[in-house]
1. Can you confirm whether the range 306-329 contains a residue that is within 16 Å of ligand 3 (Cβ to nearest atom), crowded, with 20+ Cβ neighbours inside 10 Å and assigned to a loop (DSSP other than H, G, I, E, B)?
2. Scan the range 411-443 for residues that are of a type in the set (Val, Ile, Thr) and under 14 Å from VAL397 (Cβ atoms) and jot them down.
3. Every residue in the range 67-102 that is of a type in the set (Val, Ile, Thr) and closer than 19 Å to GLU117 by Cβ, please.
4. Can you report the number of residues in the range 330-343 which are open to solvent by less than 50 Å² (accessible area, probe 1.4 Å) and either without any contact (Cβ under 8 Å) to a residue 24 or more places away in the chain or touching a helix residue (DSSP H, G or I) at 6+ places or on another chain (Cβ under 6 Å) (or both)?
5. Of all residues in the range 428-447, how many are touching a Leu at 6+ places or on another chain (Cβ under 9 Å) and away from ligand 1 (no atom under 16 Å from the Cβ)?
6. Would you confirm whether or not the range 97-109 contains a residue that is within 28 Å of the chain's Cα centre (by Cα) and among the hydroxyl-bearing types (Ser, Thr, Tyr)?
7. Quick check: anything in the range 446-461 within 16 Å of ligand 2 (Cβ to nearest atom), open to solvent by 10 Å² or more (accessible area, probe 1.4 Å) and farther than 21 Å from HIS291 by Cβ?
8. Taking the stated definitions as given, is ALA195 buried (at least 17 other Cβ atoms within 10 Å of the Cβ), touching a strand residue (DSSP E or B) at 6+ places or on another chain (Cβ under 9 Å) and either of a type in the set (A, V, I, L, M, F, W, C) or not in a helix (DSSP H, G or I) (or both)?
Amino acid sequence: MANTDFSTRWADIYRGRRNHIRSKIGDGITLWLGHSLQPRNYTDNTYPFRQNSHFLYYTGLSQPNLALLSFPEPDHDVLFAQPENIDDIIWSGKRLSPHDLACDAGIETVEDEERLETYLSEARTRGLKIHYLAPYQYSSLFKIAQLLNIRTGDVGPGASQHLMEQVACQRSVKSDVEIAEIEEALAITDRMHRACMAAARPGKRESEIAAMIQAIALSCERQQSFTPIVTVRGEVLHNHSYGGILAEGQLLLNDSGVESSRYYASDITRTCPVSGRFTSLQADIYNVVLHMQLETIGMIKPGISYREVHLGACKVMVEDLIGLGLMKGDPSNAVEAGAHALLFPHGIGHMLGLDVHDMEDLGDIVGYSRKEKRSSQFGLNFLRLSRPLEAGFVLTVEPGIYFIPALIDRWKGEGLHKEFINYNRLYPFGSFGGIRIEDNVVVTPTGTRVLGPAIPKTIPEVEQACKA
Ligand code: GLY
Ligand code: MN
Ligand code: MN
């Protein structure tokens with residue numbers, strides 16, 4: 001049980017968060033559903049458990065099979081948990097009691113989980129509206145259907161838009177304790193990236209480096225915040241296979257992060273040369289990506305939209321690639337037409353918090369203002385965050401340049417944007433791969449601050465770390 005000043009402080013934080021959202025929701029009850037264990041191939045062999053991030057945000061409780069009802073009156077919350085049970089103690093060991101869980105979350109009332117349905121039906125009888133977030137796990141969807149006695153097809157449409165908007169608004173602005181959590185995660189992530197650079201050499205397998213990264217996280221009693229990308233095929237944007245063998249002259253892209261003790265994510269990418277030194281072609285492209293990243297970080301401040309920052313990064317890239325002879329024409333026109341997306345087909349970054357793509361389950365209400373719709377233009381359609389920035393937002397800044405042979409062949413065959421792209425100059429890049437540089441930043445009242453320790457980023461820093 002948590003009796004320390006530290007956990008009492010966190011219990012107060014969770015209570016404060018619940019009272020804030022309650023004040024925004026007004027009448028009605030809010031149902032917060034925690035996750036349940038998900039079977040992998042049969043019930044007792046489950047995937048590693050990860051709590052729902054909204055449930056974590058409002059309770060900090062990371063155990064499965066919990067639910068919370070928040071009533072309109074201040075501090076009026078009821079936690080629903082399974083009572084202690086001898087079978088669970090035999091197979092899984094003694095857990096925190098429901099009372100201790102409630103105490104950790106700053107909740108005064110705890111009930112047997114079987115009473116949840118009764119509470120909800122009584123609330124409905126009293127005519128109270130029941131707010132809930134749209135679930136993304138089927139087990140939660142079925143549970144809500146059963147609890148509210150509605151059809152599964154009606155669960156999504158019945159979710160509370162107002163609640164989703166208010167949660168997105170609250171969770172978007174990070175407090176100092178949240179930023180400290182992300183920086184705790186970044187301290188471990190720094191070790192993961194330095195170890196990767198030091199280990200990269202011809203003959204090493206991607207799987208060995210991925211295992212080393214996982215070992216660092218586990219030895220710190222932390223889980224990774226997403227499935228890491230550790231690959232010499234960095235042009236495959238979400239490459240989750242580790243079957244490659246590192247060869248002389250290749251680039252190794254490592255996109256990985258961990259969760260802090262209270263489940264906040266880090267999300268860092270570095271790209272290093274397998275042989276320890278960048279070739280001049282690699283260095284040219286690396287410096288374009290670094291230029292995009294530094295310019296982007298310099299642009300970030302309250303009020304500017306992340307779409308504008310994204311387009312600014314694209315323009316830097318086109319200008320630099322014109323200098324290298326890979327692109328041509330007017331940079332602004334090239335970006336407006338979307339020609340840059342051949343080599344930079346994703347967005348400049350996303351929100352970061354309890355989720356690596358923070359609150360992506362809530363959809364575009366997180367990253368887009370009400371009047372803005374996501375673009376359908378290739379490249380811009382993958383911009384997850386577009387809206388004006390506010391102090392306290394934590395973001396990733398992750399430009400990249402990728403040479404994707406299938407995409408280059410297709411665009412070239414179609415003659416797409418041939419007024420901006422020197423297709424004939426792309427031949428030497430057939431097996432180049434991709435380069436991404438990703439940092440995590442907080443928007444401050446006057447600009448931005450890069451979070452965590454300085455992870456090697458410039459060419460001399462990366463080459464030095466490769467020698468370590
Ligand atoms: N690690 C996934 C991403 O950078 O968005
Ligand atoms: Mn990443
Ligand atoms: Mn990212």
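1. Among the residues of the range 306-329, not one is within 16 Å of ligand 3 (Cβ to nearest atom), crowded, with 20+ Cβ neighbours inside 10 Å and assigned to a loop (DSSP other than H, G, I, E, B), which makes the answer no.
2. Residues satisfying the conditions are ILE437, VAL441, VAL442, VAL443.
3. Correct list: VAL78 only.
4. Looking only at that region, the number is 5.
5. Residues in the range 428-447 being touching a Leu at 6+ places or on another chain (Cβ under 9 Å) and away from ligand 1 (no atom under 16 Å from the Cβ): 6 in total.
6. The answer is no; no qualifying residue exists.
7. Within the range 446-461 (the criterion being within 16 Å of ligand 2 (Cβ to nearest atom), open to solvent by 10 Å² or more (accessible area, probe 1.4 Å) and farther than 21 Å from HIS291 by Cβ), the answer is yes, since at least one residue qualifies.
8. Judged against the criteria, ALA195 is not a match.
The values are calculated or read from the model by the stated rules, or taken from the named source; none is laboratory data. These figures come from a predicted structure and were not determined experimentally. All Cβ positions, even for glycine, are placed from backbone atoms using ideal geometry, and neighbour counts span all protein chains on display. SASA here: full protein model, heavy atoms, side chains in, ligands and nucleic acids out. Shrake-Rupley method; radii C 1.70, N 1.55, O 1.52, S 1.80 Å.
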